Amino acid sequence: MTTFLFSGHVMDRPDREAPRFPPAMEPGAAAAIAAALDRHGAAAGDIAFSQAASGGDLLFLEACVERSVRRHILLPFDTATFEQTSVRPSLHGERWVERYRRALAAPGATVQEMSAALGPLADGRDPYEACNVWLIDQALAHADGALCFICLWNGDGPEGPGGTAHMVAEVSRHGGLIEHVDTRLLV
């Protein structure tokens, strides 16, 4: 059994000045994520941990569904708040909302909200950063030594707390295998 962990850029918002993950990159990102899963033999019996934001997270979850990988979706907020903050604001937000709802309802998916699972956050703690740590802890608890972290990332430093750069740094600290899908190379 392989345990997969994922973090990736959200689809750009309409007001983003410098494109990081525009819609034109979606097909290439989906293919690269699928190829990374295939390199590691993703199949029924494997398990995956991710959030479900528009962009990389949902592409990963959809690729896992195609391979019958069980999915644990951990969210920093309740499902409605997460939809409003991390799905709907993206370019083509309504299309991503449909995919988000489908991912949460798909057979083989377990959805957990951080506040229900862990209680309220300590004052000043960023919910996305806390969710990243929770994702890593849960993935490592299920890994039995075989953790594969796939990230859809441009390689830049953090734009804020709890992003993909933070997750890469945390996984590196724990010594996990990192499959980097570099958005700068997607067309």
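The values are calculated or read from the model by the stated rules, or taken from the named source; none is laboratory data. Quick caveat: nothing in here was measured; it's all calculated off a predicted structure. Cβ placement follows ideal geometry from the backbone for every residue including glycine, while neighbour counts extend to all protein chains displayed.
So, in the stretch 27-39, of the ones that are closer than 26 Å to Gln84 by Cα and either within 15 Å of the chain's Cα centre (by Cα) or hydroxyl-bearing (Ser, Thr, Tyr) (or both), which residue ends up surrounded by the fewest Cβ atoms within 10 Å (Cβ to Cβ)?
The extreme case among them is Ala30.
Restricting the search to the stretch 55-102, which residues are of a type in the set (A, V, I, L, M, F, W, C), modelled with pLDDT of 95 or more and surrounded by fewer than 22 Cβ atoms within 10 Å (Cβ to Cβ)?
Let us first name the residues in the stretch 55-102 that are of a type in the set (A, V, I, L, M, F, W, C), namely 58-61, 63-65, 69, 73-75, 77, 80, 82, 87, 91, 96-97.
Remaining after also requiring modelled with pLDDT of 95 or more: 58-61, 63-65, 69, 73-75, 77, 80, 82, 87, 96-97.
If the condition is that a residue be of a type in the set (A, V, I, L, M, F, W, C), modelled with pLDDT of 95 or more and surrounded by fewer than 22 Cβ atoms within 10 Å (Cβ to Cβ), then Val65, Phe77, Ala80, Val97 are the ones that fit.
Tell me yes or no: at least one residue of the stretch 50-58 is among the aliphatic types (A, V, I, L, M), more than 16 Å from Gly8 (Cβ to Cβ) and within 14 Å of the chain's Cα centre (by Cα).
Narrowing the stretch 50-58 to residues among the aliphatic types (A, V, I, L, M): 52-53, 58.
Restricting the remaining residues to those that are more than 16 Å from Gly8 (Cβ to Cβ) gives none.
No, the conditions are met nowhere in the stretch 50-58.
Answer yes or no: is there a residue in the stretch 101-113 that is of a type in the set (Asp, Glu), touching a strand residue (DSSP E or B) at 6+ places or on another chain (Cβ under 8 Å), under 27 Å from Leu177 (Cα atoms) and touching a residue at least 12 places away in the same chain (Cβ under 8 Å). Give the steps one after another, and end with the answer.
If we filter the stretch 101-113 for residues that are of a type in the set (Asp, Glu), which is where we start, we get 113.
Imposing the further condition that a residue be touching a strand residue (DSSP E or B) at 6+ places or on another chain (Cβ under 8 Å) reduces the set to 113.
Cutting the leftovers down to under 27 Å from Leu177 (Cα atoms) gives us 113.
Those still in the list that are touching a residue at least 12 places away in the same chain (Cβ under 8 Å) too: 113.
Scanning the stretch 101-113, I find at least one residue that is of a type in the set (Asp, Glu), touching a strand residue (DSSP E or B) at 6+ places or on another chain (Cβ under 8 Å), under 27 Å from Leu177 (Cα atoms) and touching a residue at least 12 places away in the same chain (Cβ under 8 Å), so the answer is yes.
Find all pairs meeting these conditions: Cβ atoms under 6 angstrom apart; at least six residues apart or on different chains; first residue within the stretch 50-74 and in contact (Cβ under 8 Å) with a residue 40 or more places away in the chain and over 13 Å from Asn132 (Cα atoms); second residue part of a helix (DSSP H, G or I) and among the aliphatic types (A, V, I, L, M).
Leu58/Ala103; Leu59/Ala29; Leu59/Ala30; Leu59/Ile33; Phe60/Ile33; Leu61/Ala103
Just for helices (runs of 4 or more DSSP H) wholly inside the stretch 111-187: which have at least 2 residues that are crowded, with 20+ Cβ neighbours inside 10 Å and of a type in the set (A, V, I, L, M)?
Numbers: elements: 114-118, 127-143, 164-174.
Answer list for the stretch 111-187: 127-143, 164-174.
From Ser90, Ser68, grab the single residue that is among the hydroxyl-bearing types (Ser, Thr, Tyr) and either assigned to a helix (DSSP H, G or I) or at positive phi (or both). Break it down stepwise before answering.
Details: Ser90 fails: either assigned to a helix (DSSP H, G or I) or at positive phi (or both).
Of the residues listed, the single one that is among the hydroxyl-bearing types (Ser, Thr, Tyr) and either assigned to a helix (DSSP H, G or I) or at positive phi (or both) is Ser68.
Would you mind telling me which numbered condition in (1) surrounded by 13 or more Cβ atoms within 10 Å (Cβ to Cβ); (2) farther than 23 Å from Cys148 by Cβ Ala24 fails?
(1)
Would you check which residues across the stretch 144-184 are touching a helix residue (DSSP H, G or I) at 6+ places or on another chain (Cβ under 8 Å), free of Cβ contacts under 8 Å to residues at least 24 places away in the same chain and closer than 22 Å to Cys64 by Cα and list them?
Selection gives nothing.
Among (1) surrounded by fewer than 18 Cβ atoms within 10 Å (Cβ to Cβ); (2) modelled with pLDDT of 95 or more; (3) over 15 Å from the mean Cα position of the chain (by Cα), which single condition is Ala42 missing?
With respect to (1) surrounded by fewer than 18 Cβ atoms within 10 Å (Cβ to Cβ); (2) modelled with pLDDT of 95 or more; (3) over 15 Å from the mean Cα position of the chain (by Cα), Ala42 is out only on (1).
Scan Thr110, Thr164, Thr183 and give me the residue that is more than 21 Å from Ala24 (Cβ to Cβ) and either of a type outside the set (Phe, Trp, Tyr) or within 16 Å of the chain's Cα centre (by Cα) (or both).
On inspection, the qualifying residue turns out to be Thr110.
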